[in-house]
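A short write-up of the structure that comes next.
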Amino acid sequence: MSSLSKRKRLDESGSGRSEKRTIEIKKNKTDPRHQDSRTAFYAEENEVLLRNPKRDLDMYKNACDEIRRCMAEIHHLKSSDAKNKAAEIEELRITVSLQFLVLKKLNRLSHLRCKKVRDKTSERRQKTDEYHLQLQNLLYEVMHLQKEITKCLEFKSKDEEIELVSVEEFFLKAPADISKLEITKADEHQLTLARLDWELEQRKRLSDKLKETQQSKESISGEIKTTQEQLESLQPKLTAILETTKPVQEYLNMPFDLKREQYAQARHLVDPLYVLFMQASAYQDACDKDLTVTIEGDIEAAKLLVSISNDDIGQLI
């Protein structure tokens with residue numbers, strides 16, 4: 001029970017103190033002396049702007065000198081046996097107190113002056129940071145623009161890879177609705193566009209012509225293939241006909257098969273012998289039926305000799 005009563009008393013005393021503090025704070029807020037101190041503080045802030053710092057420094061030095069002088073006199077009076085030294089010491093103490101008040105005022109003014117300098121420095125630093133940030137942004141924009149300019153200057157269009165006709169040929173062959181002389185001669189860009197249009201028209205025309213040529217080629221290739229198949233199918237028939245005409249050839253003394261074999265062998269002769277064989281065969285057919293022209297020897301060796309001679313000729317060329 002005693003502990004509970006003590007706690008209640010402490011709570012009541014604490015609550016009473018808090019109420020007294022709130023009342024005192026409210027009184028201080030409405031106290032004219034508090035308002036006078038705030039007014040004096042702001043008055044000193046304004047006074048800092050009007051006062052000369054060098055003059056305050058001189059006042060500080062004079063106050064320090066005066067305090068030293070008064071303290072020295074007080075020490076001298078206390079060590080001497082003068083009769084009225086108490087009154088003089090009291091007067092010197094008052095003078096020293098007044099000088100301390102001057103020092104306190106100068107101290108407050110110096111602190112206010114330092115505060116204003118710090119505030120001004122902070123404001124200038126903030127502006128400097130803002131300007132520096134703006135400068136960095138501008139430098140970044142300049143760098144970005146320089147990159148874009150470089151990219152544009154280094155850009156290569158696909159039309160630069162196209163071999164266009166010359167300007168003279170373009171104006172000579174291009175129709176008027178594409179060349180547009182009154183525009184293209186004064187504007188190089190329009191001239192390039194017009195040349196590209198003319199190139200497109202020519203390519204379309206050549207593409208159509210290419211398609212027509214390919215169709216014609218395909219049709220001719222079909223005809224050639226058909227003819228070749230017909231000829232290939234005709235070869236066995238001709239061979240059969242020649243086989244059936246062998247008795248007639250022997251009876252009429254017209255050895256067509258023998259001559260065909262000789263001509264096939266003659267292709268492997270060297271050039272002088274080939275010429276001699278052809279002339280002798282012609283003389284036989286035209287003048288002397290009793291003349292016999294034959295080719296004797298190894299055909300494979302003749303083929304090898306012809307191939308070697310052709311290789312030598314190719315090396316010499």
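The values are calculated or read from the model by the stated rules, or taken from the named source; none is laboratory data. Being a predicted model, the structure only gives us computed values, none of them experimental. Virtual Cβ from ideal backbone geometry, glycine too; neighbours counted across all protein chains shown. Side chains included, ligands, DNA and RNA excluded: accessible areas come from the protein's heavy atoms. Shrake-Rupley method; radii C 1.70, N 1.55, O 1.52, S 1.80 Å.
Check the stretch 173-193 and report whether any residue there is loosely packed, with under 10 Cβ neighbours inside 10 Å and aliphatic (A, V, I, L, M).
Yes: one or more hits.
Can you work out which of the residues in the stretch 304-315 that are modelled with pLDDT of 65 or more and more than 15 Å from Pro272 (Cα to Cα) is least open to solvent (accessible area, probe 1.4 Å)?
Within the stretch 304-315, the match that is least open to solvent (accessible area, probe 1.4 Å) is Ser307.
Could you please let me know if Lys180 is basic (Lys, Arg), on the phi < 0 side of the Ramachandran plot and without any contact (Cβ under 8 Å) to a residue 40 or more places away in the chain?
no
Which numbered condition trips up Leu153, out of (1) out of contact with any Leu (no Cβ under 8 Å at 6 or more places or on another chain); (2) modelled with pLDDT of 85 or more; (3) among the aliphatic types (A, V, I, L, M); (4) surrounded by 10 or more Cβ atoms within 10 Å (Cβ to Cβ)?
Of the numbered conditions (1) out of contact with any Leu (no Cβ under 8 Å at 6 or more places or on another chain); (2) modelled with pLDDT of 85 or more; (3) among the aliphatic types (A, V, I, L, M); (4) surrounded by 10 or more Cβ atoms within 10 Å (Cβ to Cβ), the odd one out for Leu153 is (4).
Listed residues Thr128, Thr95; which is within 30 Å of His76 (Cβ to Cβ), open to solvent by less than 90 Å² (accessible area, probe 1.4 Å) and of a type in the set (Ser, Thr, Tyr)?
The match here is Thr95.
Looking at the stretch 52-62, can you tell me whether even one residue there is touching a helix residue (DSSP H, G or I) at 6+ places or on another chain (Cβ under 8 Å), part of a helix (DSSP H, G or I), over 30 Å from Asp119 (Cβ atoms) and modelled with pLDDT of 80 or more?
No, there is no match, as no residue in the stretch 52-62 is touching a helix residue (DSSP H, G or I) at 6+ places or on another chain (Cβ under 8 Å), part of a helix (DSSP H, G or I), over 30 Å from Asp119 (Cβ atoms) and modelled with pLDDT of 80 or more.
In the stretch 98-124, how many are closer than 23 Å to Cys64 by Cβ, surrounded by 12 or more Cβ atoms within 10 Å (Cβ to Cβ) and of a type in the set (D, E, K, R)?
Within the stretch 98-124, residues that are closer than 23 Å to Cys64 by Cβ, surrounded by 12 or more Cβ atoms within 10 Å (Cβ to Cβ) and of a type in the set (D, E, K, R) number 3.
Output the residues belonging to the stretch 276-296 that are surrounded by 11 or more Cβ atoms within 10 Å (Cβ to Cβ) and assigned to a loop (DSSP other than H, G, I, E, B).
Residues satisfying the conditions are Leu291, Val293, Ile295.
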